[in-house]
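S.K.: What follows is a single structure, and I will ask about it in a moment.
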Amino acid sequence: MTTKFRKRTKATFCRSVGKIYPTLSSRRNCSILRTRFWERKPGCINKIDSQPRLSRFSRGGLGRKIERKKQQEMTSHTSPLEPVLFRFPAIHGLGGQIEPCRGGLSGSKAWKVVGRSKSFCLKRMPIDFPVKLLQSIHAAVQARRQQGMTTLPSFIAADNGETYVQHQNRFWELQEWLPGEPLTSPPDRRQKQEMLGLIAQFHALSSDISPALEVSPGAERRLAMFQHWNEINIPHTHAQISKLGHPQWQFWLHALVDSFVAYRQPLGLLVQQMQAERTTLRTCIGDPRLENFRFDGQKFVGMFDLGSLRRDSIALDVSRLAGEMSTEGVVDWEEVFALLPASQRLTPSEERLAIELDAANVLLTGLNWVQWLITDGYSFENCDQVSFRLQHFHTRMLKIDGHLAWKI
């Protein structure tokens, strides 16, 4: 087709559109209209096929141009993943498709790689994620799976001999897809027992248990957090929160700061008291959240995401999960301790530490959101998850006055 003929065809098209839509008779507006008219046709591109299938509206230079643009958009969406997936030989030739997973709060991003017979999870770590932490996570999972703990999904080996690769200044990992769904209602007694049992098994299979009793690093971190917030200008913090463009988040953040002020004195005594507790240290999950556990109907499947792995007391993991399993903001500590397997029951000091850590979590960990949203100006892809976490802390804060930590 000659250039002259292309111009004539384009002008004819614009004039014909102008007869139907007089307000869009200009060449620029006709171009906009053509694009929207094209996009309304779902059959123009078959997103399953590797080659686009042209409809009757794609004839001529205009159709090819729009078709090429859409194909480029599709390619740009998936092309960053192709060189990463190629680094994992075990999935070559499996076919299937790639589905983006809903974003979380850590800054990582994940995709579900659906094969004909098996599915995997491709995960891109946050910027500046420590490689030593990544190696520790993979080593901890591999060591426990070798001892029969199959409730943790395995990592897939890459072509470099590791279970992760580096691409575009990010670390990537591929692991088995954990089937099942997260809980959509408060866990019952059996579900609590299975989740606590996983934590107990994780700790029972540790090979790095400290020979002597030590102070919990989690207790030391909470003391440092208290000292930091004790020096914060509270009126200035409230003023900064008021500038946040989310009224409901403003309400929750104001309430979290007010609760810290109201309980400043007893909280200071509590975090000092935690330094007196002694416990054995080992590799911990760090942040076992309910959304990371999976159930297939009534069957417990397992848990994924050990991105908060750290060395601490088993009391830390029990405390965090107990807070997640709380009903209307209240933890049934007698039930939590009783549901742990007999071989992994906590010592009296560890029980006190778990309770004290939980109370400190309610009053201090929630303030991390003030730091992230107000001071650091972080933005999160999953706003619903942010709202869920803030509401969870607010619900627990409303019941903090009756917390068992003030009575032991």
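The values are calculated or read from the model by the stated rules, or taken from the named source; none is laboratory data. Owing to the predicted nature of the structure, the values given are computational and were not obtained by experimental measurement. Virtual Cβ from ideal backbone geometry, glycine too; neighbours counted across all protein chains shown. Ligands, DNA and RNA are excluded from the accessible area calculation, which covers all protein heavy atoms including side chains. Shrake-Rupley method; radii C 1.70, N 1.55, O 1.52, S 1.80 Å.
S.K.: What FRET efficiency comes out for the pair residue 269/residue 368, r = Cβ-Cβ distance, R0 = 25 Å, nearest 0.05? Mind dumping the intermediate values first?
M.R.: On the way: r = 22 Å, r/R0 = 0.87.
Calculated value: 0.70.
S.K.: Given H placed 1.01 Å from N in the peptide plane, which residues other than close sequence neighbours of residue 332 have an amide H under 5 Å from its amide H?
M.R.: Answer set, sorted by chain and number: 327.
S.K.: Please tell me the relative contact order of segment 146-265 in percent, rounded to the nearest whole number, where contacts are Cα pairs under 8 Å and at least six residues apart. Intermediate results must be reported in sequence, preceding the final value.
M.R.: Working: 43 pairs, mean separation 17.7, N = 120.
This gives 15 percent for segment 146-265.
S.K.: Next up: Label-point separation (nm) for residue 209 and residue 128, each offset 7 Å from Cα along Cα-to-Cβ?
M.R.: Between residue 209 and residue 128, the simple spin-label model gives 3.7 nm.
S.K.: Report the local net charge at residue 389: Lys and Arg +1, Asp and Glu -1, summed over other residues whose C-beta lies under 12 Å from its C-beta. Provide the component values of the computation, followed by the final result.
M.R.: Values: positive: 289, 396; negative: 287, 291, 324, 384.
Spelling it out: positives minus negatives among the neighbours equals -2.
S.K.: Multiply the residue separation of residue 387 and residue 404 by 0.36 nm, subtract the distance between their alpha-carbon atoms, and state the gained length in nm to one decimal.
M.R.: Values: separation 17, 0.36 × 17 = 6.12 nm, distance 2.66 nm.
So the chain would gain 3.5 nm between residue 387 and residue 404.
S.K.: With the cut-off at 1.5 for a/c, could you classify segment 193-260 from its C-alpha gyration tensor as rounded, prolate or oblate? Intermediate results must be reported in sequence, preceding the final value.
M.R.: Details: a/c = 4.70, a/b = 1.98, b/c = 2.37.
Since a/c reaches 1.5 but b/c is at least a/b, the shape of segment 193-260 is classed as oblate.
S.K.: Suppose all protein chains stay in the model; what accessible area per residue would a 1.4 Å probe give for segment 95-219, in Å²?
M.R.: Values: 6390 Å² over 125 residues.
Averaged over the residues of segment 95-219, the accessible area is 51 Å².
S.K.: Here is a further query. Calculate the spin-label point distance for residue 98 paired with residue 220, positioning each point 7 Å from the Cα along the beta-carbon direction, and give it in nanometres.
M.R.: Distance between label points: 4.2 nm.
S.K.: Which net charge results when you count Lys and Arg as +1 and Asp and Glu as -1 among the other residues whose beta-carbon is under 11 Å from that of residue 298? Can you show the working numbers first?
M.R.: Details: positive: 190, 299; negative: 188, 194, 296.
Computed value for this residue: -1.
S.K.: Moving to a separate point now. I need to check one value: relative contact order of segment 283-408, counting alpha carbon pairs closer than 8 Å and at least 6 residues apart, in percent. Don't jump to the answer; show the numbers that get you there.
M.R.: On the way: 110 pairs, mean separation 30.5, N = 126.
Here the relative contact order equals 24 percent.
S.K.: Could you size up the charge dipole of segment 107-199 around its Cα centre, putting +1 on the beta carbon of Lys and Arg and -1 on that of Asp and Glu, and report it in debye to the nearest 20? Spell out each step's value before the answer.
M.R.: Values: 13 positive and 8 negative charges, 31 e Å.
Approximately 160 debye in magnitude.
S.K.: Mind listing the phi-derived Karplus ³J(HN,Hα) values for segment 145-152, rounded to whole Hz, using 6.51, -1.76 and 1.60 with θ = phi - 60°, and x for any glycine or proline?
M.R.: Each residue's phi maps through the Karplus curve to give 5, 5, 9, x, 8, 8, 7, 10 Hz.
S.K.: Next question, about the same structure. Residue separation times 0.36 nm, minus the C-alpha to C-alpha distance between residue 258 and residue 185: what's the value? Before the final figure, lay out each step's value.
M.R.: On the way: separation 73, 0.36 × 73 = 26.28 nm, distance 2.96 nm.
Using 0.36 nm per residue and subtracting the Cα-Cα distance, I get 23.3 nm.
S.K.: Return the long-range amide H neighbours of residue 167 (sequence gap of 5 or more, or a different chain), with a cut-off of under 5 Å between placed amide H atoms.
M.R.: Here 172 satisfy the definition.
S.K.: When the dipole is taken about the Cα centre of segment 191-289, and only Lys, Arg (+1) and Asp, Glu (-1) are charged at their Cβ, what size is it in debye, to the nearest 20? Mind dumping the intermediate values first?
M.R.: Details: 8 positive and 8 negative charges, 34 e Å.
The dipole of segment 191-289 has a size of about 160 debye.
S.K.: Using protein chains only and a probe of 1.4 angstrom, how many square angstrom of residue 82 are accessible, to the nearest 10?
M.R.: The value for residue 82 is about 110 Å².
S.K.: Using the Karplus curve 6.51 cos²θ - 1.76 cosθ + 1.60 with θ = phi - 60°, work out ³J(HN,Hα) for each residue of segment 261-269 in order, rounded to whole Hz, and write x for Gly and Pro.
M.R.: 4, 5, 10, 4, 5, x, 5, x, 5
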